[in-house]
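FYI, it's all coordinate maths here, none of it is from the lab. On a predicted model such as this, the values are computed, not experimentally measured, just so you know. No Cβ is skipped: glycine too gets one built from the backbone with ideal geometry, and neighbour counts run over all protein chains shown.
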């Protein structure tokens with residue numbers, strides 16, 4: 001989450017700037033990633049408690065407005081992202097070999113049964129994808145963006 005923390009040190013106006021009305025700002029992407037980590041953790045825990053629960057949609061687009069993503073403080077979001085990642089990682093660390101194969105019904109893009117292994121990989125993909133979204137936007141607007149190292153996730 002260090003890469004996110006570095007990006008969230010950019011100028012607040014650059015973090016809140018949307019490149020187009022329907023494209024999230026870097027800060028909104030960071031808030032989304034925080035919420036993805038928290039929601040995915042709850043889905044993981046539900047799959048450990050119940051047989052094949054349904055992962056209800058998180059309301060990703062509605063959350064932007066309902067939770068006021070653009071008005072949140074970047075330093076707070078950075079800290080919350082770190083904690084959310086720790087919580088999710090802790091839950092992953094506690095999975096047994098059998099748990100990794102437990103399933104849940106994922107409803108997007110189509111209703112499909114997925115393993116917790118898939119959930120973990122999918123979550124990592126989301127984190128990497130949105131880090132790139134943020135970096136591209138901040139690069140485009142001339143904000144100082146640290147260059148990724150070889151070991152960055």
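So here's what we get for this one:
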quantity	calculated
Residue in the stretch 63-70 that is assigned to a loop (DSSP other than H, G, I, E, B), in contact (Cβ under 8 Å) with a residue 60 or more places away in the chain, over 13 Å from the mean Cα position of the chain (by Cα) and surrounded by fewer than 16 Cβ atoms within 10 Å (Cβ to Cβ) present	no
Residue in the stretch 97-112 that is closer than 12 Å to residue 47 by Cα and within 16 Å of the chain's Cα centre (by Cα) present	no
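A quick yes/no check of all residues on (1) outside any helix (DSSP H, G or I); (2) surrounded by fewer than 18 Cβ atoms within 10 Å (Cβ to Cβ):
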| site | (1), (2) |
| --- | --- |
| 76 | no, yes |
| 79 | no, yes |
| 82 | no, yes |
| 100 | no, yes |
| 105 | yes, yes |
| 108 | yes, yes |
| 120 | no, no |
| 123 | no, no |
| 135 | no, no |
